[in-house]
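Bear in mind these aren't lab numbers, they're just calculated from the coordinates by the rules spelled out. This structure is a prediction, so every number in the text was calculated from the model and none was measured. Cβ sites come from the backbone with ideal geometry, for glycine too, and all protein chains shown count toward neighbours.
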Amino acid sequence: MCSILVIDDEEAVRNAVKRRLERDGYEVDVAATQAEGLQAIEEHKPPYDVVVTDMVMESPTSGLEVLQAALTRDIFTELIVLTAYGNVANAVECMKRGAFDYVEKNIPGVDVFELLSIKVSQALERRKSSLSTLRRIEQYALRR
């Protein structure tokens, strides 16, 4: 089963994302602060498949700090940054640092929870593909 961590300081958002992703059949843990999220990332075994994090919590760079910690723990963890304060510069910076995607919470006319569900599914497919490629490379290297 795929494991997902949702980090958001807004309880309503955190719980709604958790319920939606659990309905899709995922194991979902939640954290209410950046510190809780970083601790969960460090302690969870095996590492999370996907981390969904708010961009702005204790600081304006909370999401980037979570992203760095998750990728340091496991380079194949997929990160989705969820934010109410979306802007192009933030999105570009997150993507440059390895985020799978950047989703704004308040997109008019869009069910953000449905969109997030789709993004998580896509992120898991990319993770699966990356791990498969790594296995093929390892097998090739062992044959040489």
Calculate the radius of gyration of the Cα atoms of the chain to one decimal place, then report Dmax, the largest Cα-Cα distance, as a whole number, both in Å. 15.2, 55
Describe numerically, in nm with one decimal, the distance between label points set 7 Å from Cα along Cα→Cβ at Tyr85 and at Arg126. 2.4 nm
Grab the Cα-Cα distance for Tyr140 and Leu115, subtract it from 0.36 nm times how many residues apart they are, and report the gain in nm with one decimal. 5.2 nm
Net charge contributed by nearby residues that have their C-beta within less than 14 Å of Glu42 (K/R +1, D/E -1): -3
Are there any GluC sites (Glu not before Pro) in region 20-62 that are in a DSSP loop and have at most 13 other Cβ atoms within 10 Å? List them by number. Glu58
Under unit Cβ charges (Lys, Arg +1; Asp, Glu -1), what dipole magnitude, rounded to 20 debye, does the chain have relative to its Cα centre? 920 debye
Neighbours of Ala99 by Cβ distance under 12 Å: Lys/Arg at +1, Asp/Glu at -1, summed charge +1
Compute the separation of the alpha-carbon centres of region 113-144 and region 1-36 and state it in Å as a whole number. 22 Å
